[in-house]
Amino acid sequence: MLGSLRVRLPFVFLAGIVLAILITAAISVRLFQQFAHDQTLSELTREANGIALLYSSALNASYGTQHDRAAPIFAASSLERATGDKIYFVGVRQLFPGQGAIGLRRLPLKTIDWKSGRSLSFQFKPPDARRTYLAVANPIFLGRTSIGAIVVATPKTDVSNRVASLIKRLAAAGLFGVLFAGLLAWYLSRRLVRPVLQLSDAADEVAAGRYDVAVPPNAPGELGHLSARFGEMANRLAEVEEMERNFLMSVSHELRTPLTAIRGHVSALVEGVVHDPELRRASLETVEAEAERLERLVGDILDLAKLDTHRFTVMNEEVDMGQLLDRAYETFRDEARRRSIDYRRDVRERPVINSDGDRVLQVVGNLLSNAFQATPDGGRISLALAQLNGTVRVAIQDSGPGISAERRERLFKPFVSESGGTGLGLAIAKERSIALGGRIDLSADPGRGSRFELFLPAPASS
């Protein structure tokens, strides 16, 4: 159960969200700590400046008068209640005579360098306290001479309390966020996992040989693309299985027919049924012809296997295309005469190309054989040769029933036959043309015959 995608995916989502929340919270706490520290120092600096200015003004106003350095009307305790912070003094022994109990708390002279006349920020532990204080010192001037410094301080724990309050609020918000993220992760994972699980079930069906499977419709994004391609794959596997079944039936028929003829003639010869020398020779010729037919069938199957595995060897030699088409034309002339087919050739140019002559002849022969299979007795077949823009074109036109657009898409696939054969001829011709660096184009309409064109690369005319 824990290994299932429907369980692991929500956990992965949730773990990522929780990690992001923790990192964000840690950064936020650190930034707030720094902000609280800086804000506290800013407030202490402002208070220290103001209080030091009060004392400096009072001191300079009373200096040299009849009541030399009389105590100011404000007191440290009143200022502490107003600011909420502790106020200390470090410097000369006594600023104002007669202040008594309401005077400033004094710090040891070595606490800071009060004679420098500069504003200072520091941390210290007062003699009467157990906690560490964050403090800012601002100098008190008598004329231009620094005679001490006002120190305004607040406990560091007050700053920490602000951060602790933030952490509590962040924890509450984080808990709510994790709960919401968990629900969102569960919902999204179900939407994502459902089509994946359906595809998994469909894959199990295909693996068991059942290709009529239902794929998830309207799946989002890449899952929708994967679902559509999986459906296409299942359909193609079903087509391949059907083609293989048809191929086995066709091959079985093609093998059985010559084998039956060979077996019948051989049995007659062995049993001595045929005594006439002419009949014996005719029987042997039939056996030879049927054996050649078997050899061609096996050769086609082997050629297709070699083409599929890219183990097909192509020679490179000069090929006179005019002579090659003459040979191909003569091969089928007797059949055309016997079936009263109007068989014509149009070879106005005789280009020479660098290619494999035997393979080119096999391709042209396959196309002509297909044309004769598709053309009824008394029909028309034409064979033409032309050269244009560095390309040699061999065109074969027949007057057969034509081919629909749906059938044209499948015609060059192995084991697909429109005339009852094995369905290997056109598939082999196409693969051979590609191996020779060319291609085969087909244009055909139902009721208007078919036109196959073989294109091969050739040197441009000079």
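The values are calculated or read from the model by the stated rules, or taken from the named source; none is laboratory data. Computed from a predicted model, the values in this text were never measured in an experiment. In this analysis, Cβ positions are derived from the backbone assuming ideal geometry, glycine residues included, and neighbour counts consider all displayed protein chains. In case anyone asks, the SASA skips ligands and DNA or RNA and just uses the protein heavy atoms, side chains included. Shrake-Rupley method; radii C 1.70, N 1.55, O 1.52, S 1.80 Å.
A simple charge model with +1 on the Cβ of Lys and Arg, -1 on the Cβ of Asp and Glu and nothing else charged puts the dipole of region 160-206 at about 600 debye relative to its Cα centre.
Along the chain, the exposed loop sites are trypsin sites (Lys or Arg not before Pro) outside DSSP states H, G, I, E and B with at most 12 other Cβ atoms within 10 Å, and the longest stretch free of them is 349-462. Of the residues Ala405, Gly449, Ser116, the one whose Cα sits farthest toward the positive end of the charge dipole of the chain, with +1 on the Cβ of Lys and Arg and -1 on the Cβ of Asp and Glu, is Ser116. For the set Thr260, Thr154, the ranking by accessible area, highest first and with no ligand, DNA or RNA atoms included, is Thr260, Thr154 under a 1.4 Å probe.
Solvent-accessible area assigned to carbon and sulfur over region 104-165 amounts to 49 percent, based on a 1.4 Å probe. Taking 0.36 nm per residue of separation and subtracting the current Cα-Cα distance, fully stretching the chain between Leu269 and Asp38 would add 71.6 nm.
Would you mind getting me the FRET efficiency between Thr313 and Glu288? Use the beta-carbon distance for r and R0 = 25 Å, nearest 0.05. Calculated transfer efficiency: 0.30.
Stokes-Einstein diffusion of region 145-218 at 25 °C, 0.890 mPa s viscosity, Kirkwood radius from Cα pairs, rounded to a whole number: 134 µm²/s. Kirkwood radius for region 124-275, taken over all pairs of different Cα atoms as the inverse mean of 1/r, rounds to 25.5 Å.
For the chain, the longest principal axis of the alpha carbon atoms and the long axis of helix 277-308 meet at an angle near 10°. Within region 189-213, which residues have the backbone N less than 12 Å from the label spot 7 Å out from Ala238 along Cα→beta-carbon, could you tell me? Output list for this probe position: 206, 210-213. Between rounded, prolate and oblate, where does region 228-386 land on the alpha carbon gyration tensor, with a ≥ b ≥ c its root eigenvalues, rounded for a/c under 1.5, else prolate if a/b exceeds b/c? Oblate.
Taking Cα centre as origin and charging only the Cβ of basic (Lys, Arg, +1) and acidic (Asp, Glu, -1) residues, the dipole magnitude of region 350-402 rounds to 180 debye. A simple rule links phi to the HN-Hα coupling: the Karplus curve 6.51 cos²θ - 1.76 cosθ + 1.60 with θ = phi - 60°, which for region 381-393 gives 9, 10, 10, 10, 10, 8, 10, 7, 6, x, 9, 9, 10 Hz, with x for Gly and Pro.
Using C-alpha pairs below 8 Å separated by at least 6 residues, the relative contact order for the chain is 10 percent.
Matching the structure-derived semi-axes √(5λ) of the Cα gyration tensor in Å against the labelled list (i) 48, 28, 18; (ii) 39, 30, 19; (iii) 109, 29, 18 gives the label (iii). Mind checking the dipole of the chain: about its Cα centre, +1 per Lys or Arg Cβ, -1 per Asp or Glu Cβ, Debye to the nearest 20? In total the dipole reaches around 4600 debye. Positive end of the dipole of the chain (Cβ unit charges, origin at the Cα centre): among Val287, Gly50, Ala214, the Cα lying farthest that way belongs to Gly50.
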